[in-house]
Amino acid sequence: MSIRKALGISLVLLLSVAASCGRKDRPVIAVVPKSQASILVTIFDSGINTDKYLSYVSTDNYKGGALAAERLGAILPAGGEIAVIGTIPGSVSTTERENGFRDTVTLKFPQLKIAAFRYGMADRAKSLAVAEDILTAHPDLAGIFCSNESGTVGAVQGARSKGLILQNPFRMGYLGVKTIVDRLHGTVPPKRIDTGATAVTADNLNQPAIQELVNPPIDKYLR
């Protein structure tokens, strides 16, 4: 999400901002002046190359990628060739997921061989084309890891999905705003807040906690 699309909130005469930064370098010029002007800034979802903010609220994306590797290792105990469809170069959150996945595969699942790594450029159609190219080049491919929704949508059209790793964006947004509200009321929030990542499979899909992630009770908060 770009700064133009970022969540903005106005509290106490525009003294606070909550923002999601897709790339680590681009938003710094916008965030630092706000923090130097005593405007409270909380970053959510993706990191940034500065510590001049109140709090950073997001999934531990590296851990999310590692969790995906654990899941793939569990369903492919005999090993095989796998592929990675990355999102876009320079994206903070998805690069962390890709690194977590590759590092965990290398360290814990030597029977899995990453045969291809391609970027889907955050586009479903391009991700589909990439997935088709990979499957053509590697017809015995046993699994594909995608670091974002756009890659996943493209990939599942050419391969059967065995599991998903979900963030909790609803909680991310809620806590992003809450950090600023708390600070305005005198409480200093943690500098880093991990909102978690959850492995979703056919076995646990109908559990209440999983359903709340898949279908958050938004209506309850819009009344």
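At-a-glance table
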{"read-out": "In Hz, Karplus ³J(HN,Hα) per residue of region 187-193 (6.51, -1.76, 1.60; θ = phi - 60°; x = Gly, Pro)", "value": "9, 8, x, x, 5, 10, 10"}
{"read-out": "In nm, spacing of pseudo-spin labels at residue 203 and residue 78 (7 Å Cα→C-beta vector)", "value": "1.9 nm"}
{"read-out": "Long-range HN-HN contacts of residue 113 with modeled amide H, under 5 Å", "value": "80, 81, 82"}
{"read-out": "Potential extension, residue 192-residue 125 segment - 0.36 nm per residue separation minus Cα distance", "value": "20.6 nm"}
{"read-out": "Charge context of residue 131, other residues only, Cβ under 11 angstrom, K/R +1, D/E -1", "value": "+1"}
{"read-out": "Hits among aspartates and glutamates - C-alpha to C-alpha of residue 52 under 17 Å, sequence gap 8 or more where chains match", "value": "25"}
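Values in this text are rule-based calculations from the coordinates and carry no lab data. Owing to the predicted nature of the structure, the values given are computational and were not obtained by experimental measurement. Quick reminder, even Gly has a Cβ in these numbers, built from the backbone with ideal geometry, and neighbours come from all protein chains shown.
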